[in-house]
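Student: Okay, handing you the structure first.
The values are calculated or read from the model by the stated rules, or taken from the named source; none is laboratory data. Model, not experiment: these values are computed from the prediction. In this analysis, Cβ positions are derived from the backbone assuming ideal geometry, glycine residues included, and neighbour counts consider all displayed protein chains. Protein only, heavy atoms only, side chains kept; ligands, DNA and RNA dropped before computing areas. Shrake-Rupley method; radii C 1.70, N 1.55, O 1.52, S 1.80 Å.
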Amino acid sequence: MQQTVPDKNDTITIVGCGGFIGSHLLDRLLEATHYRVIGIDLVSGKISRHLNNDRFSFVKLDMHDIPSVKPYIERSGIVILLAALCNPSLYTTRTLDVIDVNCTGTIPLINMCAEAGARLVYFSTSEVYGRTAASLAGRGDDAESCLLREDCSPFILGPVEAQRWSYACAKQLIERVVFACGQEHGLNYTIVRPFNFIGPRMDFLPGIDGEGIPRVLACFLSALIARKPLRLVDGGRNRRCFTWIGDAIDACMKILERPEAARNQIFNIGNPSNETTIAELADRMIRLWRRQVPGASAHGIAVEEISARDFYGPGYEDSDRRLPDIGKAERLLGWEPKTGLETALDTTIKACIDLYCPALRKE
Ligand SMILES: NC(=O)c1ccc[n+]([C@@H]2O[C@H](COP(=O)([O-])OP(=O)(O)OC[C@H]3O[C@@H](n4cnc5c(N)ncnc54)[C@H](O)[C@@H]3O)[C@@H](O)[C@H]2O)c1
């Protein structure tokens, strides 16, 4: 029987499909749309339940292998770029790899999209804003001054020896390459700047299914399971807007559904109503953990402060506040986040217990 070749416009390639965001995006694309999806990644553990789906093809490939990646891009109407090294601990310890994967290794993929006429959805980061001008001017508590706007807020990074900024700098440069490809080669693109997405399947737990230091939520979950203190880097004073992954995927779907509104735009995707300090996040997680793990109340759950230098090593700096203005996403995409921090954390903790330690519920 002759096989029909899928229409290019019905095919999406996701590079970095096996990670946290990729796994949730794949769930939604396969469950709620007609698209055929090609997923490129080095790993597939988080998407294993889709490996036998007729509308999904997993291709185990390193994105640096350009000749092998190219045919998949050429047969796709849309390419979503998620592949990255995006754990802060890597920015100071594997700086060259971070710059390679997030920048130099990504540029050929962008050129390929331009050449193939594929629409590109590129996942950048809220870290491109770096330190906010308001904070540097001593107005860090004034929310209106702190709002980060896609098309006018400056990017402010630290000195070269503060290698923490290598990730933000790499992503900034890619945004500029994407923008220039739009201007010079007619690339149709949308840039997403995520603000701390959270949910099940985020990162890894050190010593269980990965090694190293994951992002803060997984660090806290790992400490809660191991009954170790939750460590607050530099006192946990920095503020972040944690965004439920389901809301974030809603935004991605709007971007796909509204190609003209999203064309050559940059969007902050985050939940300003969920802003919290990291110290408050730790308190909240401990309270929710105790609710879900009855025996945990009997154990003292400690919180301790640690300097960024002791936690991450030299070269670490951070921004104290990342507060998105999401007016553009509301206006052009008709998107707004709906999920509060309490629900987002509770669901994430539940999924973590189900996956790693269901027996704790019975203690
Ligand atoms: N999750 C967030 O809150 C957040 C915040 C800011 C930016 N982002 C950006 O969104 C994107 C996705 O983030 P995530 O949280 O899903 O990260 P993730 O680490 O869970 O997923 C990234 C995926 O890229 C894959 N990858 C890395 N190098 C590769 C290579 N050489 N070839 C093929 N695949 C490779 C990894 O195996 C991984 O599955 C990244 O670009 C990240 O910078 C995410």
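Student: May I ask you to derive the FRET efficiency for residue 292 and residue 115 from their Cβ-Cβ distance with R0 = 56 Å, giving the value to the nearest 0.05?
Tutor: With a Förster radius of 56 Å, E is 0.65.
Student: Separate question: Please give the length that would be gained between residue 284 and residue 350 if that part of the chain were fully extended, namely 0.36 nm times their separation in residues minus their C-alpha to C-alpha distance (nm, one decimal).
Tutor: Using 0.36 nm per residue and subtracting the Cα-Cα distance, I get 22.4 nm.
Student: Okay, next question. What is the distance in Å between the Cα centroid of region 257-303 and that of region 1-77?
Tutor: Region 257-303 and region 1-77 have Cα centres spaced 29 Å from each other.
Student: Further question on the same structure: Give me the percent relative contact order of region 211-275, please, defined on Cα pairs under 8 angstrom at least 6 residues apart.
Tutor: Result for region 211-275 is 35 percent.
Student: If you don't mind, another one. Please build a GNM for the chain, connecting alpha carbons under 10 Å apart, and tell me which residue among 15, 101, 79 fluctuates the most.
Tutor: Residue with maximal mean-square fluctuation among 15, 101, 79: 101.
Student: Here is a follow-up. Over region 1-90, what relative contact order in percent results from Cα pairs under 8 Å that are six or more residues apart?
Tutor: 37
Student: Okay, moving on. Calculate, for residue 160 and residue 64, the FRET efficiency according to 1/(1 + (r/R0)^6) with r their C-beta to C-beta distance and R0 35 Å; round to the nearest 0.05.
Tutor: 0.90
Student: Evaluate the distance, in nm, between pseudo-label points positioned 7 Å from the Cα of residue 44 and of residue 32 along their respective Cα→Cβ axes.
Tutor: 2.5
Student: Give the accessible area for residue 189 in Å² (nearest 10); use a 1.4 Å probe, count only protein heavy atoms, and leave out ligands, DNA and RNA.
Tutor: About 10 Å², ignoring ligands and nucleic acids.
Student: Given the C-alpha centroids of region 307-344 and region 200-227, what is the distance between them in whole angstrom?
Tutor: One Cα centre to the other: 19 Å.
Student: Continuing with the same structure: Multiplying the sequence separation of residue 180 and residue 139 by 0.36 nm and subtracting their Cα-Cα distance, what value in nm do you get?
Tutor: Extra length from residue 180 to residue 139 when fully extended: 11.4 nm.
Student: Could you tell me which of rounded, prolate or oblate describes region 287-349, using a ≥ b ≥ c as the square roots of the eigenvalues of the alpha-carbon gyration tensor, with rounded for a/c under 1.5 and, failing that, prolate when a/b is larger than b/c and oblate otherwise?
Tutor: Judged from the Cα gyration tensor, region 287-349 comes out oblate (a/c at least 1.5, b/c at or above a/b).
Student: How much of the calculated P(r) for the chain lies past 38 Å, in percent of all Cα pairs?
Tutor: Taking all Cα-Cα pairs of the chain, the fraction more than 38 Å apart is 16 percent.
Student: May I pose another question? Could you grab the relative contact order for the chain? Cα pairs under 8 Å, six or more apart, rounded to a whole percent.
Tutor: 18
Student: Same structure, new question: For region 84-358, build the charge dipole from Cβ charges (+1 Lys, Arg; -1 Asp, Glu) around the Cα centre, then report which of 202, 252, 332 sits farthest towards its positive end.
Tutor: Farthest towards the positive pole: 202.
Student: Using Cα springs under 10 Å in a Gaussian network model of the chain, which residue among 83, 137, 296 shows the largest mean-square fluctuation?
Tutor: 137
Student: How many percent of DSSP beta bridges within the chain run antiparallel, rounded to 5?
Tutor: About 5 percent, rounded to the nearest 5.
Student: A further question on this structure: When a/c is below 1.5 the answer is rounded, else prolate if a/b is larger than b/c, else oblate, so apply that to region 131-193 with a ≥ b ≥ c taken from the square roots of the Cα gyration tensor eigenvalues.
Tutor: Oblate, because a/c is 1.5 or more while a/b does not exceed b/c.
Student: A further question follows. Given the -39500 (n - 2.57) contribution per DSSP H run of 4+ residues, what per-residue ellipticity at 222 nm results for the chain, rounded to the nearest 500 deg cm²/dmol?
Tutor: -11000 deg cm²/dmol
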